[in-house]
Amino acid sequence: MKKIFNNWSEACTKTSLIVLLLSSVQRAQELSSSMYNLSERYGPVVTVYLGPQRAVALIGYEAVKDALVNQGDDFTGRGPLPFFMKVTNGYGLAISNGERWRQLRHFTLTTLKDFGMGRKGMEQWIQEESKYLVARIHGTKASPFDPTYFLSCSVSNVICCLVFGQRFDYNDDHFLHLLQITAAILEFTSSPSGLLYDIFPQLMECLPGRHHKLFTGIEELKKFIRKNIQEHEDTLDMSSPRDYIDCFLTRANMEKDLPTTEFNNDNLVPTVLNLFAAGTDSTSSTIKFALSVLSKYPKIQEKMQQEIDTVIGRNRDPFMQDRKSLPFTDAVLHEIQRFMDFVPMGVPHYTLRDILFRSYRIPKDTLIFPILHSVLKEEKHWVSPFSFNPEHFLDHNGNFKKNPAFMPFAAGKRACVGESLARMDIDLSPEQSSFVNVPRTYRVIATPR
């Protein structure tokens with residue numbers, strides 16, 4: 001990284017300009033750490049270049065909160081990242097802006113809530129699916145196993161119930177193949193190759209690499225989604241919607257004569273793809289990381305189990321309302337998400353017009369990176385930011401306490417639409433849940449490969 005001392009009239013004139021050289025391309029965790037270190041010298045607002053693309057990194061809780069919450073309207077844009085533009089053609093919830101984004105986001109949030117996201121209805125779905133997960137774990141007969149695909153199936157089936165109105169068997173080879181594709185998407189987009197693709201897309205298209213195979217896999221995912229949409233269209237009863245796709249098709253029928261409608265297949269396919277892929281990998285990866293943490297800290301695992309056994313016992317299902325009586329368990333689950341740092345660079349935003357932020361002028365068409373790593377690891381807000389410490393979320397009396405710097409899902413108007421669902425998947429802890437069912441019946445340990 002190299003500092004350029006000459007002035008640039010269109011840049012944020014009071015920030016330092018940093019050029020990210022090709023040799024500095026790293027994984028997201030390493031890159032976000034580098035940005036965090038730069039803030040100690042250049043301040044919390046740093047202009048960088050990703051190839052020809054101008055970007056601004058926001059570092060630390062105060063800067064991220066000021067942008068995403070206090071000036072949320074100025075930072076609602078989503079950048080035309082080449083990888084996602086190729087996948088979606090600019091359609092769907094994740095990559096869109098303006099009226100299209102507003103309509104799709106409002107509809108998606110309303111529909112998911114109507115089907116129980118964050119409520120008792122969804123709680124029952126998660127508990128039901130967890131019975132299949134527990135049965136699979138029982139089937140291992142206490143022998144060592146890799147939980148990756150069990151967890152992916154379990155979490156994805158909750159999403160599938162919401163979106164497709166059905167679950168899939170853990171032995172369904174096609175379903176498992178689709179889950180492998182979604183995992184590959186996440187792995188690629190957080191890799192140096194993914195970053196290079198977004199910086200130099202035309203060059204990367206000419207070079208060999210796994211991205212070509214990945215795009216073929218994504219077409220398989222889209223084909224699967226289109227097939228499900230067609231099946232829904234053939235059996236649609238607008239008076240009794242079964243799932244998200246039914247609700248979308250019903251809205252599309254209601255607005256079929258409206259020229260400005262955004263409810264069409266161009267938007268439906270990538271939106272469903274986003275819900276399916278992002279909803280599966282983010283939550284299942286978090287739960288898998290949680291199992292790893294519990295195997296590393298057996299005393300914390302034991303204390304969680306004691307609290308769960310005391311409050312709930314071993315003979316009934318847990319409910320979301322139990323969480324307030326499980327302060328230590330709740331603190332551990334929050335600390336797992338903080339310590340994991342799932343999206344260290346944050347999902348990039350985009351300036352749709354020239355904006356003024358903290359007296360800095362940020363030009364239109366600038367990528368904005370809210371560095372969540374700098375929020376979740378900031379010493380000002382965490383006693384031991386680089387250690388796993390559930391005490392970050394407990395007061396002196398052992399009661400759960402919130403921390404405003406807890407932003408694993410970002411914040412503001414473009415925060416994750418599935419946040420409530422993800423919290424339920426992770427927080428419904430004891431036996432009939434997606435995660436801490438394991439400590440109630442089993443002890444989590446790591447075995448050598």
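Quick notes on this structure:
- All conditions in (1) farther than 30 Å from Gly51 by Cβ; (2) of a type in the set (Phe, Trp, Tyr); (3) at pLDDT below 95; (4) in contact with a Leu (Cβ under 7 Å, 6 or more places away or on another chain) hold for Phe188, with the sole exception of (1).
- Residue satisfying all of: in the stretch 401-410; in contact (Cβ under 8 Å) with a residue 60 or more places away in the chain and under 12 Å from Val343 (Cβ atoms); farthest from the chain's Cα centre (by Cα) among these: Met407
- Listed by first and then second residue, the pairs linking a residue in the stretch 172-198 that is more than 19 Å from Pro344 (Cα to Cα) and surrounded by fewer than 21 Cβ atoms within 10 Å (Cβ to Cβ) to a residue that is β-branched (Val, Ile, Thr) and modelled with pLDDT of 90 or more, with Cβ atoms under 7 Å apart and 6 or more places separating them unless they lie on different chains, are Ile181/Ile218.
- Checking each residue of the stretch 203-210 against the condition of being within 22 Å of Gly98 (Cβ to Cβ), of a type in the set (A, V, I, L, M, F, W, C) and touching a helix residue (DSSP H, G or I) at 6+ places or on another chain (Cβ under 9 Å) gives no match.
- The condition (being under 25 Å from the mean Cα position of the chain (by Cα) and not aromatic (Phe, Trp, Tyr)) is satisfied by just one residue among Gly209, Gly194: Gly194.
- Selection status of Gly79, buried (at least 23 other Cβ atoms within 10 Å of the Cβ) and touching a Phe, Trp or Tyr at 6+ places or on another chain (Cβ under 7 Å): yes
- Only strands (runs of 3 or more DSSP E) whose full extent lies in the stretch 328-375 are considered here, and the ones with at least 2 residues that are closer than 18 Å to Gly77 by Cα, touching a Gly at 6+ places or on another chain (Cβ under 8 Å) and modelled with pLDDT of 90 or more are 367-371.
- From the list His334, His349, the lone residue that is farther than 23 Å from Val383 by Cβ, touching a residue at least 40 places away in the same chain (Cβ under 8 Å) and of a type outside the set (D, E, K, R) is His349.
- Candidates are the residues of the stretch 87-102 that are aliphatic (A, V, I, L, M) and modelled with pLDDT under 95; the one that is nearest to Thr351 (Cα to Cα) is Ile95.
- Filter result for Arg54 (touching an Asp or Glu at 6+ places or on another chain (Cβ under 9 Å), more than 24 Å from Phe357 (Cα to Cα) and basic (Lys, Arg)): no
- Taken as a whole, the structure leaves Leu221 outside the set of residues that are assigned to a loop (DSSP other than H, G, I, E, B), at pLDDT 95 or above and out of contact with any Gly (no Cβ under 9 Å at 6 or more places or on another chain).
Residue-by-condition table, conditions (1) farther than 28 Å from Pro385 by Cα; (2) modelled with pLDDT under 65; (3) part of a helix (DSSP H, G or I):
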{"position": "Ala11", "(1), (2), (3)": "yes, yes, no"}
{"position": "Leu31", "(1), (2), (3)": "no, no, yes"}
{"position": "Tyr36", "(1), (2), (3)": "no, no, yes"}
{"position": "Val48", "(1), (2), (3)": "no, no, no"}
{"position": "Leu58", "(1), (2), (3)": "no, no, no"}
{"position": "Val69", "(1), (2), (3)": "no, no, yes"}
{"position": "Phe83", "(1), (2), (3)": "yes, no, yes"}
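- Selection count, the stretch 224-239, where residues are in a loop (DSSP other than H, G, I, E, B) and surrounded by 14 or more Cβ atoms within 10 Å (Cβ to Cβ): 1
- Scanning the stretch 240-259 for residues that are small (Gly, Ala, Ser) and surrounded by 12 or more Cβ atoms within 10 Å (Cβ to Cβ) yields a single hit, Ala252.
- Looking across the stretch 302-320, the residues that are touching a residue at least 24 places away in the same chain (Cβ under 8 Å) and either touching a Cys at 6+ places or on another chain (Cβ under 6 Å) or in a helix (DSSP H, G or I) (or both) come down to Lys303, Met304, Gln305, Ile308, Asp309, Met320.
- Check on Ser285, in a helix (DSSP H, G or I), of a type in the set (Ser, Thr, Tyr) and over 20 Å from Ile159 (Cβ atoms): no
The values are calculated or read from the model by the stated rules, or taken from the named source; none is laboratory data. Nothing here was measured: the structure is a model prediction, and the numbers come from that model. We place every Cβ from the backbone using ideal geometry, glycine too, and count neighbours over all the protein chains shown.
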